[in-house]
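The next block holds one structure in the form of structure tokens; read it before the comments.
Values quoted throughout were computed directly from the atomic coordinates according to the rules given, and no laboratory measurement underlies them. Only a predicted model underlies this, so the values are computations on that prediction, with no experimental measurement involved. Note that each Cβ is placed from the backbone with ideal geometry, even for glycine, and that neighbours are counted across all protein chains shown.
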Amino acid sequence: MNDLCSMRFEELQTQLLACGAKKFTASQVFAWLHQKQVTSPDEMTNISKELREKLKKNYLFSSCTIEKKLVSVYDDTVKYLFRLYDGELIESVVMQYKYGYTICVSSQVGCKMGCTFCASGIAGFVRNLLPGEILAQVYTAQRDLGIRISHIVMMGVGEPLDNFDNVMTFLSLVTDARGQNLSMRNISLSTCGVVPMIYRLMEAHLQLTLSVSLHAPNDAIRQKTMPVARRWDMETLLQACRDYTAATSRRISFEYAMISGVNDSNEHARELASQLKGMLCHVNLIPVNSVKERDYVRSGDDRIRDFIRVLEKHGINVTVRRTLGSDINASCGQLRRGETK
């Protein structure tokens with residue numbers, strides 16, 4: 001069954017014409033879905049009852065319901081566990097910054113990638129999310145909190161580039177001026193390094209921010225912590241990143257989880273700086289999250305400061321990700337993992 005909420009405007013118009021609707025009806029339905037963000041055709045009050053019944057009978061209307069909601073007492077970060085139409089569970093996190101609200105959305109139920117420091121893939125991969133299911137995370141959070149979300153990071157559960165076509169449709173829908181009308185520059189997409197899909201994304205010439213989960217200064221460490229690195233080595237990945245920045249003129253953000261005794265020495269910092277020399281990029285250091293099934297320990301504050309000094313000495317722009325929602329396990333995969341267990 002086709003999902004009404006996952007259709008670009010032109011496809012929606014074609015489907016509605018096939019249902020006997022007038023051409024202008026597509027604009028009405030699209031506005032109900034992506035401006036008013038209703039959860040059922042029954043709420044589309046300026047659409048005929050006959051058409052509403054056809055829509056309910058013949059189309060999936062993707063949405064998500066709040067299974068669990070946690071609010072941080074420290075910084076008002078909100079973590080959602082959403083239940084989908086088929087009973088599967090996904091996670092989203094809403095964070096408040098000076099510039100507005102950001103949501104971190106999931107792109108898959110589970111994950112195939114198996115990064116050893118991440119809880120997202122421990123329970124395995126189930127399925128890809130539809131474009132409408134990714135959108136539903138944004139819409140449901142906005143309704144629940146009474147806010148407008150201005151920024152999206154695709155860093156939740158799943159590898160976005162492993163669900164490439166659905167993610168591209170989602171990006172088209174969420175930036176459509178007839179709907180949410182979000183700026184592409186306010187969207188960040190994170191990948192663990194699926195090289196062929198980086199090139200496909202490059203060809204789309206989108207003005208989003210590409211974040212690459214690097215997490216190591218060399219292949220030896222990266223292949224131990226990230227299975228994807230055994231398929232595409234660091235040289236291949238970084239060449240794709242250089243090609244991407246050359247084609248799009250967009251700076252790449254390299255995510256680097258700081259793991260005590262694994263990848264956080266000054267020598268690792270010097271090696272990382274050498275790898276990234278001359279590239280349009282910055283490094284985002286992330287104190288690694290504690291995961292019960294793993295024994296990784298986050299680097300200490302002094303070690304992180306030393307790592308930063310080495311990178312900056314070699315001309316690498318570097319930041320440390322602000323830790324939000326620490327009291328509610330706001331990092332990827334932990335809430336769903338606990339619920340499924």
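Of all lysines in the structure, the ones whose alpha carbon falls short of 19 Å from that of Lys277, not counting any fewer than 8 places away in one chain, are Lys313. Checking every one of the GluC sites (Glu not before Pro) in segment 224-300 against DSSP loop status and a limit of 16 other Cβ atoms within 10 Å picks out Glu293. Fewest-first ordering of Val71, Val153, Val288 by other beta carbons within 10 Å of each residue's beta carbon gives Val71, Val153, Val288.
The amide H of Val288, built 1.01 Å from its N in the peptide plane, has Met258, Ser299 as neighbours under 5 Å, considering only residues 5 or more places off or on other chains. Our estimate of slack between Glu67 and Asp295, defined as 0.36 nm per intervening residue step minus the Cα-Cα distance, is 79.2 nm. Against the main long axis of the alpha-carbon atoms of the chain, helix 131-145 sits at an angle near 90°. Paramagnetic label reach from Glu267 (point 7 Å along Cα→Cβ; backbone nitrogen cut-off under 14 Å): within segment 216-230, residues 217-218, 220-221. Computed from Cα atoms, the angle from the helix 195-204 axis to the main principal axis of the chain rounds to 50 degrees. Listed peptides 167-180, 195-208 appear in the order 167-180, 195-208 once ranked by packing, highest mean of other Cβ atoms within 10 Å at the front. Per residue, the chain reaches -10500 deg cm²/dmol at 222 nm when only DSSP H runs of four or more residues are counted, each adding -39500 (n - 2.57). Relative to the longest principal axis of the Cα atoms of the chain, helix 301-313 runs at roughly 90 degrees.
One quarter of the surface of the convex hull around the alpha-carbon atoms of segment 120-213 equals 6.5 nm², the direction-averaged projected area.
Taking amide H positions as modeled 1.01 Å from N, with prolines and chain starts lacking one, the residues under 5 Å from Phe125 and 5 or more places away or on another chain are Cys111.
Rounded to the nearest 0.05, the FRET efficiency derived from the C-beta distance between Cys19 and Arg148 at R0 = 35 Å is 0.65. Seen through its C-alpha gyration tensor, with square-root eigenvalues sorted a ≥ b ≥ c, segment 4-58 comes out rounded because a/c lies under 1.5.
Label positions at Gln35 and Ser260, each projected 7 Å from the Cα along the C-beta direction, are separated by 5.4 nm.
Taken about its Cα centre, the chain carries a charge dipole of roughly 400 debye when the Cβ of each Lys and Arg holds +1 and the Cβ of each Asp and Glu holds -1. From a point 7 Å beyond the Cα of Gln223 in the direction of its Cβ, which residues of segment 100-127 have a backbone N at a distance under 20 Å? Under cut-off, by backbone N: 113-117.
Beyond 31 Å between alpha-carbons counts as too far, so tell me which of Lys36/Lys98; Lys68/Lys224; Lys23/Lys98; Lys79/Lys112 fall in that bin.
Exceeds cut-off: Lys68/Lys224; Lys23/Lys98.
When DSSP beta bridges are restricted to pairs lying wholly in segment 158-313, around 5% turn out antiparallel. Counted residue by residue at 0.36 nm each, then reduced by the alpha carbon distance between them, the extension gain from Asp233 to Arg185 reaches 14.4 nm. Length available on full extension from Arg8 to Ser48: 0.36 nm per residue minus the Cα-Cα distance, which gives 12.2 nm.
Kirkwood hydrodynamic radius of the chain, from the reciprocal of the average inverse Cα-Cα distance over all distinct pairs: 21.0 Å.
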